[in-house]
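The structure under discussion appears below in the form of structure tokens.
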Amino acid sequence: MSRYPCSPAEMQAVLLARDLKDGELGAAGASAAIPMAAMMLARLTHAPDLQIAGEMFVNPRPRQLWNSMLDDRALGACEAAETFLELFGHSHRGLDFFFHNGMQIDAFGNINLHHIGGTLHKPKMRGPGAANISYAATSRRFYICTGNHSQRTFVPRADFITSPGYLDGPESYHAAGLAGGPCLCVTPLAAMDFDPATLRMRLKSVHPWSSVDEVVANTGFDLGIGERVEETRLPSENELSLLRTRVDPKGLLRR
Amino acid sequence: MSRYPCSPAEMQAVLLARDLKDGELGAAGASAAIPMAAMMLARLTHAPDLQIAGEMFVNPRPRQLWNSMLDDRALGACEAAETFLELFGHSHRGLDFFFHNGMQIDAFGNINLHHIGGTLHKPKMRGPGAANISYAATSRRFYICTGNHSQRTFVPRADFITSPGYLDGPESYHAAGLAGGPCLCVTPLAAMDFDPATLRMRLKSVHPWSSVDEVVANTGFDLGIGERVEETRLPSENELSLLRTRVDPKGLLRR
Amino acid sequence: MTAPSQRPQKLVAPDAVGGLIRAWLDDGDLLAIGGLFKQGRPMVLVREVIRSGRNRLKLVSSPGSGFDADLMIAAGCVAETFLPAVTLEDRMCPTFRSAVENGAITAHCVDALSIVGGYLAAANGVTFQPVAAWVGSDVPKHNPLIARIDCPFTGQPLYATQAIRPKLALLHAQEGDVYGNVRHLSTMTYADQMMARAAEKVIVSVDRIVDTETIVARPRETTIPCIYVDAIVEAAYGAHPTGSFPLYSIDEDHIEMYATLAEAARKGEAGADTALRAYLDRHVHHALTQQAYVESVGGAQRMKALEEEAASL
Amino acid sequence: MTAPSQRPQKLVAPDAVGGLIRAWLDDGDLLAIGGLFKQGRPMVLVREVIRSGRNRLKLVSSPGSGFDADLMIAAGCVAETFLPAVTLEDRMCPTFRSAVENGAITAHCVDALSIVGGYLAAANGVTFQPVAAWVGSDVPKHNPLIARIDCPFTGQPLYATQAIRPKLALLHAQEGDVYGNVRHLSTMTYADQMMARAAEKVIVSVDRIVDTETIVARPRETTIPCIYVDAIVEAAYGAHPTGSFPLYSIDEDHIEMYATLAEAARKGEAGADTALRAYLDRHVHHALTQQAYVESVGGAQRMKALEEEAASL
């Protein structure tokens, strides 16, 4: 990939940053280096009033990126510290946006972090679970960001719904009384959004180093690919420069 | 009263201090100079491990007494600051002891701070209400401390029960599922406790400057006075010295 | 290449506060006042509410209120109170008392747990908070905020107190930054944090605006993060005559002076009503700036004495 | 005339902690562990629990757990977990994973709101906390801590999560005094305060004991007042290999070393079980003092590096 100006993880961070709006309030979860980079980059570019809060700290100023996110090391300084008590409230009222990752991500954007195969208490593979499942349902929208674009991750239907996307489509989604939901899924290969009518994930753009065929071969469900698929717009010089000098000076996203 | 070594308020503080036990946890309410003096004096004498907490601060160290109690001025330094959130918990779990005062105090130790005469929303006289009524029912015991010993204050039955004592006696007390209750009532004239069988207030001791007749004339109900009534034991030299040099150097209780 | 930060400030000019209050609070709305008894009251904002002409307000606060409620009642802004205790501690609140006794306002019978539980529920984003207390008291028999409920685990009957979501909360603290991060320096922080999280809109007065870098240096001391604050205004001595520890103490003399006027009015003494109106004119209606107010209550010399008292504690 | 203060201390000697754990925690009891993910874990106390021989424990924590839970499962102490997320963040927890997959433990399906709500209810002295969330997720379908309830005001159906009252909570902070007043210097304080208020007994390890006068100088910074603490023990680097910010950072190398051993054991690689036992012997069973433990993980030199990393953040 050395002929491209950025790494896949940097591409993901830039794609997410572009989608965040000025004045919004949002947070990432744990293990969220790419979402943290996206939020920091958005603040440095078009969204100086982006508020990062909802997970026990307000407007962190990390001096470098870390794989973890919910620790003092990864926060750097911040404007205020909250506790799980306040997270309880944020979880109910929701945020403008949140980020999810999953062991399984399905065609309707449902996220599984609990088990693959078997049953919950007799699983073939047990995952970590999820600290906070509420933001998926209470936030205005969420992003899916994963470092694995494979048929193992992108499955037709999650074995267990840890955090709900659009469940089994419009009928079940509306019947459950859900609002919000996944809006964009970024991977090392491509960006996907969701068809407003069917609420199914669909291919939006393919990163320059990948191809529609590669994406299809690594996705376990139909991505509704039309005649022409956009190529993902690479980071601008300004985006990349800010990302590398101000957000990720140690190059975590290039490893 | 100048022939007596202490003021009535000092006598009240000393009487209350003597009744507090080492290792207990308790608090006073607002407008509680005498209870604060009692707790501080107890810590300086027989109860160094008395914990003052439950009302948003832990182990205050006032440098002088104030009429108020729930402000930074009256607390001085303290070991920790809590908020109303934690007071919510303390109110449910209760303390070892608490202090109450009332516009009306009745024969069963019920406290009225809401209205005298009329109805709640058409009162003859409206009182201040009470910030926290729960400690009366949830604490192991409470003290009644008032600067007014008159028939206006000591009435047969409170017009409104803000904080419950023994309600209308053993039957109603047990039926309500109450535990704890008032244990001692100190006034400028006398100390009263409660008959374990009838749960009615009864005269325990009369301060040297008063008399059984004066107490009876100023109490609106029968105090079950027997043949011989004790005289209240005056403060010891040590009690008075500590009270005046360490607890109340400005002499608020002598005004 | 980096654009200079254009993060919008929440700091507003003092003369803009009245407009915000009129925009965010209608007649008859539920208004929350921060602080406790005679401390931490946003008096500079309370005076703006009175001048705004809003009336039939419903008042809620932390469990202990006094001077601010009495003043608003005297000014005719209040229809209902949900205040557990209303007292000046040394003495009762005269106007509150007479307004209840003559039926001018309805003083609902509530206590700390229903008010704090109501804020907690609203801050938590749920509709009620369980309360397992109040046995034997007459207060819950009249409390309009509560209902019976059974615990779904133990079957035990207990109370639910309903979420309290004030239309507007007015708070006071010692420090804050231009983005609305607020820091109490006082030992007590009352119910201010819960009220900020419970209310729809929040205006905070602070004795001084500080640089954001000093906020960032001690994030655990930020008592109300900017995300809960809609406007912040700098007003030195903004809590006067209540205390703003550790900066300045309670002006007991001023409160006593007011209470004596109000008590005379309550008793219907000759000329007392006029004197109470004159108090309101002098210290509220005609004191249009905080500076004018401070001058009206004794000026720099009086403020210095209150600062010295606070420093000596 | 004044007797010298005889206020009893809650500071206990390190070698007394094992006895307290055995006195306050029975086999099968619910044990709460403070901190979050790889920070603020009372590892010195967790190792005492392992050495105490207690087993069939039920584990609860803040919503994010990892190393400590995996180690206790590897040591055979745990029967059930009520842990929303169990992860090392960079990788999964190997022993947790294999223990669930082979049925050795039951990992209950809970999330942050049921755990935090459970602490909140216990701290508030009520039996449950309302929760209005979880729509669409499979987690509430399996969560054993919750029930349906109707709001008595709106009629709206929602959940109740039951009070969680751990038999014993083990917490870690940077500073505390001999009477048990605890002060976190870290920006994050996790769910430690709620757990202290919820648990029946509380033992806190602190990196250093400080004079009570320094506590009294800044009472708002006392994160856990002494009234909630039953015993406090001084243990420098007591959170290692988790971080105790701002004093020392997370020892990622040590955690990675452990995880590699545990992952090999999970996969059944030859000799891996023995190697994992050897880890436990070396760092837990044979490291009977905190000093011996610190020596076993790299000694003063390694600690200095972690301190430098924390200072550079």
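Reported count of residues in region C:149-180, each being outside any strand (DSSP E or B), crowded, with 23+ Cβ neighbours inside 10 Å and aliphatic (A, V, I, L, M), is 2.
In the set (1) within 10 Å of chain C (Cβ to nearest Cβ); (2) in contact (Cβ under 8 Å) with a residue 60 or more places away in the chain, the condition left unmet by A:GLY102 is number (1).
I'd like the residue in region A:80-93 that is crowded, with 24+ Cβ neighbours inside 10 Å and in contact with a Ser or Thr (Cβ under 6 Å, 6 or more places away or on another chain) and, out of all such residues, is farthest from D:SER312 (Cα to Cα). Top of the filtered list is A:SER91.
If the condition is being more than 18 Å from B:LEU20 (Cα to Cα) and either crowded, with 21+ Cβ neighbours inside 10 Å or under 18 Å from the mean Cα position of the chain (by Cα) (or both), then region B:174-188 contributes B:ALA179, B:PRO188. Counting only residues that are within 12 Å of B:GLU10 (Cα to Cα) and either within 14 Å of chain D (Cβ to nearest Cβ) or touching a strand residue (DSSP E or B) at 6+ places or on another chain (Cβ under 8 Å) (or both), region B:216-245 holds 8 of them. Among residues of region A:111-126 that are among the basic types (Lys, Arg), those with a Cβ under 6 angstrom from a residue that is surrounded by 20 or more Cβ atoms within 10 Å (Cβ to Cβ), sequence gap 6+ or separate chain, pair up as A:ARG126/A:HIS115; A:ARG126/D:ARG97; A:ARG126/D:VAL100. For region A:108-124, residues that are of a type in the set (A, V, I, L, M, F, W, C) and either more than 25 Å from A:VAL186 (Cα to Cα) or within 14 Å of chain C (Cβ to nearest Cβ) (or both) total 1.
Within region D:212-266, the set of residues being among the charged types (D, E, K, R), free of Cβ contacts under 8 Å to residues at least 60 places away in the same chain and within 20 Å of D:LEU171 (Cα to Cα) comprises D:ARG220, D:GLU221, D:ASP251.
Quick one: is D:VAL210 more than 10 Å from every other protein chain (Cβ to nearest Cβ), among the hydrophobic types (A, V, I, L, M, F, W, C) and surrounded by fewer than 23 Cβ atoms within 10 Å (Cβ to Cβ)? Answer is yes for this residue.
Per-residue answers, yes or no, for (1) touching a residue at least 60 places away in the same chain (Cβ under 8 Å); (2) within 14 Å of chain D (Cβ to nearest Cβ); (3) of a type in the set (Val, Ile, Thr):
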{"residue": "B:LEU41", "(1), (2), (3)": "yes, yes, no"}
{"residue": "B:LEU44", "(1), (2), (3)": "yes, yes, no"}
{"residue": "B:ILE52", "(1), (2), (3)": "no, yes, yes"}
{"residue": "B:ARG61", "(1), (2), (3)": "no, yes, no"}
{"residue": "B:TRP66", "(1), (2), (3)": "yes, no, no"}
{"residue": "B:GLY76", "(1), (2), (3)": "no, yes, no"}
{"residue": "B:GLU86", "(1), (2), (3)": "no, yes, no"}
{"residue": "B:ASP96", "(1), (2), (3)": "yes, yes, no"}
{"residue": "B:ASP106", "(1), (2), (3)": "yes, no, no"}
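Answer yes or no: is there a residue in region A:239-247 that is touching a residue at least 60 places away in the same chain (Cβ under 8 Å), over 27 Å from A:TRP66 (Cα atoms) and buried (at least 19 other Cβ atoms within 10 Å of the Cβ). No, there is no match, as no residue in region A:239-247 is touching a residue at least 60 places away in the same chain (Cβ under 8 Å), over 27 Å from A:TRP66 (Cα atoms) and buried (at least 19 other Cβ atoms within 10 Å of the Cβ). Scan region D:23-37 for residues that are within 16 Å of D:VAL233 (Cα to Cα) and in contact with a Ser or Thr (Cβ under 9 Å, 6 or more places away or on another chain) and jot them down. D:ILE33, D:GLY34, listed by residue number.
Taken together, the residues in region B:61-99 that are within 30 Å of B:VAL216 (Cα to Cα) and at pLDDT 95 or above amount to 3.
Going by what's in this entry, would A:ALA107 be described as closer than 30 Å to A:PRO48 by Cβ and of a type in the set (A, V, I, L, M)? When the stated conditions are applied, A:ALA107 does not pass them.
So that you can scan it fast, the table gives a plain yes or no per residue for (1) surrounded by fewer than 24 Cβ atoms within 10 Å (Cβ to Cβ); (2) among the aliphatic types (A, V, I, L, M):
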residue	(1), (2)
C:VAL182	no, yes
C:GLN193	no, no
C:GLU200	yes, no
C:VAL204	no, yes
C:ALA217	yes, yes
C:VAL233	no, yes
C:ALA239	no, yes
C:PRO246	yes, no
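Looking across B:LEU184, B:LEU189, B:LEU253, one residue alone is in contact with a helix residue (DSSP H, G or I) (Cβ under 7 Å, 6 or more places away or on another chain) and closer than 30 Å to B:HIS92 by Cβ. It is B:LEU184. Residue count for region B:145-165 satisfying the condition of being part of a strand (DSSP E or B) and surrounded by 24 or more Cβ atoms within 10 Å (Cβ to Cβ): 3. Within region A:189-213, if we keep just the residues that are surrounded by fewer than 19 Cβ atoms within 10 Å (Cβ to Cβ) and touching a residue at least 24 places away in the same chain (Cβ under 8 Å), the residue that is nearest to A:ASP96 (Cα to Cα) turns out to be A:ASP195.
For region A:29-39, filtered to residues that are within 14 Å of chain D (Cβ to nearest Cβ) and either part of a helix (DSSP H, G or I) or not polar (S, T, N, Q) (or both), the residue that is surrounded by the fewest Cβ atoms within 10 Å (Cβ to Cβ) is A:GLY29. Elements of the type helices (runs of 4 or more DSSP H) sitting completely within region C:78-148 and holding at least 1 residues that are out of contact with any strand residue (DSSP E or B) (no Cβ under 9 Å at 6 or more places or on another chain), under 12 Å from C:ALA163 (Cα atoms) and within 14 Å of chain A (Cβ to nearest Cβ): these cover C:112-124. Scanning region D:3-15 for residues that are within 14 Å of chain A (Cβ to nearest Cβ) and assigned to a loop (DSSP other than H, G, I, E, B) turns up nothing. Within the option set A:THR187, A:THR153, being in contact with a His (Cβ under 7 Å, 6 or more places away or on another chain) and either within 14 Å of chain D (Cβ to nearest Cβ) or within 30 Å of D:VAL135 (Cβ to Cβ) (or both) holds for one residue only, A:THR187. From the list B:ASP248, B:ASP195, B:ASP213, the one residue that fits, being of a type outside the set (Val, Ile, Thr), more than 19 Å from C:GLY136 (Cα to Cα) and touching a strand residue (DSSP E or B) at 6+ places or on another chain (Cβ under 9 Å), is B:ASP195. Residues in region C:155-201 that are more than 15 Å from the chain's Cα centre (by Cα) and small (Gly, Ala, Ser): 6 in all. Specify the residue that is nearest to the chain's Cα centre (by Cα); the eligible residues are those in region A:12-28 that are closer than 30 Å to D:SER62 by Cα and surrounded by fewer than 24 Cβ atoms within 10 Å (Cβ to Cβ). It comes out as A:LEU20.
Kindly establish whether D:ARG47 is part of a helix (DSSP H, G or I), in the same structural domain as D:GLU101 (by TED's automatic domain parsing), buried (at least 24 other Cβ atoms within 10 Å of the Cβ) and touching a residue at least 24 places away in the same chain (Cβ under 8 Å). Yes: the conditions hold for D:ARG47.
The values are calculated or read from the model by the stated rules, or taken from the named source; none is laboratory data. Quick caveat: nothing in here was measured; it's all calculated off a predicted structure. Methodologically, a virtual Cβ is constructed for each residue, glycine included, from the backbone with ideal geometry; neighbour enumeration extends over all protein chains shown.
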